[in-house]
1. Can you tell me how many residues within region 134-175 are crowded, with 20+ Cβ neighbours inside 10 Å and basic (Lys, Arg)?
2. I'd like to check something: does region 180-188 contain any residue that is out of contact with any strand residue (DSSP E or B) (no Cβ under 6 Å at 6 or more places or on another chain), open to solvent by 30 Å² or more (accessible area, probe 1.4 Å), among the aliphatic types (A, V, I, L, M) and within 16 Å of the ligand (Cβ to nearest atom)?
3. Please find, among ASP137, ASP82, the residue that is within 18 Å of the chain's Cα centre (by Cα) and among the acidic types (Asp, Glu).
4. List the residue pairs whose Cβ atoms are under 7 Å apart, where the first residue sits in region 22-45 and is part of a helix (DSSP H, G or I) and of a type in the set (Asp, Glu), the second is open to solvent by 60 Å² or more (accessible area, probe 1.4 Å) and modelled with pLDDT of 95 or more, and the two are 6 or more positions apart or on different chains.
Amino acid sequence: MTVPNPELIESYLRQLFGEEDDALIEIRSNTMDQGLPQINITPEDGRLIQFLLRACGARRVVEIGTLAGYSGTWIARALPEDGRLITVERDPYHAEIAQESFDRSGVAARVEIRVGAALEVLETLSAEGPFDGVFIDANKGDYPRYLDWAVENVRMGGIILGHNALWGGAVVDYGLRPGTDLDALLAFNRQIANDPRLLGMIIPLGDGLAAALRVG
Ligand SMILES: C[S@@+](CC[C@H](N)C(=O)[O-])C[C@H]1O[C@@H](n2cnc3c(N)ncnc32)[C@H](O)[C@@H]1O
């Protein structure tokens, strides 16, 4: 089978499934204007995350890695009116910009930003669980630890999602990005595949979305 041009496929998917309203477009342009890194999810990732959260009836979700609130807006919009997204961010400036984004996109009432190093914040969050979903998108080196926390703190049938699971192709060509982040992602992906408490898969959209249901 001839593999079609991945960029054409990406733009086809974006046209069909990645429509952004003005608020999402502004959040992306503001991310750039404020000098924050452009490392947010893509619009079609956002659509996929919404699909998966809705499919498991998610009401209470934790996000690890807020940046400017782009993915947080997609997530919050997948939740019911009385739903709640708690999003964790280490950098207070990112958190400040994200709060503006949530105000702008009309989801601020159901989003709370917790500022701090994720491993410390998560420790305190356990008392507020269990949660219906966890989206992991912060420093890659701690992905295995974030996954351990998520498995312990999502309900049965809840969902765990991890961005950048393919790490720019380095998971199959180690030379592309050798180092501890790659090692951590490889360990993360192995656990998504093999942990008997999880039914997992990597969906090869963009840089790869790891998705696992808690089944045991
Ligand atoms: C890839 S960006 C998140 C992008 C965001 N999810 C989106 O798609 O719009 C990663 C974010 O995680 C934050 N971060 C990195 N390490 C962290 C840590 N140990 N604890 C909390 N936040 C962290 C960074 O400051 C950055 O804002």
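1. The total comes to 1.
2. no
3. Only one candidate qualifies: ASP137.
4. Within 7 Å, the pairs are GLU26/ARG104; GLU44/ARG14; GLU44/PHE17.
For every residue, the table says whether it meets (1) surrounded by fewer than 24 Cβ atoms within 10 Å (Cβ to Cβ); (2) at pLDDT 95 or above; (3) hydroxyl-bearing (Ser, Thr, Tyr).
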position	(1), (2), (3)
ARG60	yes, yes, no
ALA78	yes, yes, no
GLU89	no, yes, no
GLU96	yes, yes, no
ARG110	yes, yes, no
ALA117	yes, yes, no
SER126	yes, yes, yes
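The values are calculated or read from the model by the stated rules, or taken from the named source; none is laboratory data. Just so it is clear, the model here is predicted, and its values are computed rather than measured. Every residue, glycine among them, receives a Cβ derived from its backbone with ideal geometry; neighbour counts consider all protein chains shown. Calculation scope for accessible area: heavy atoms of the full protein, side chains included, ligands and nucleic acids excluded. Shrake-Rupley method; radii C 1.70, N 1.55, O 1.52, S 1.80 Å.
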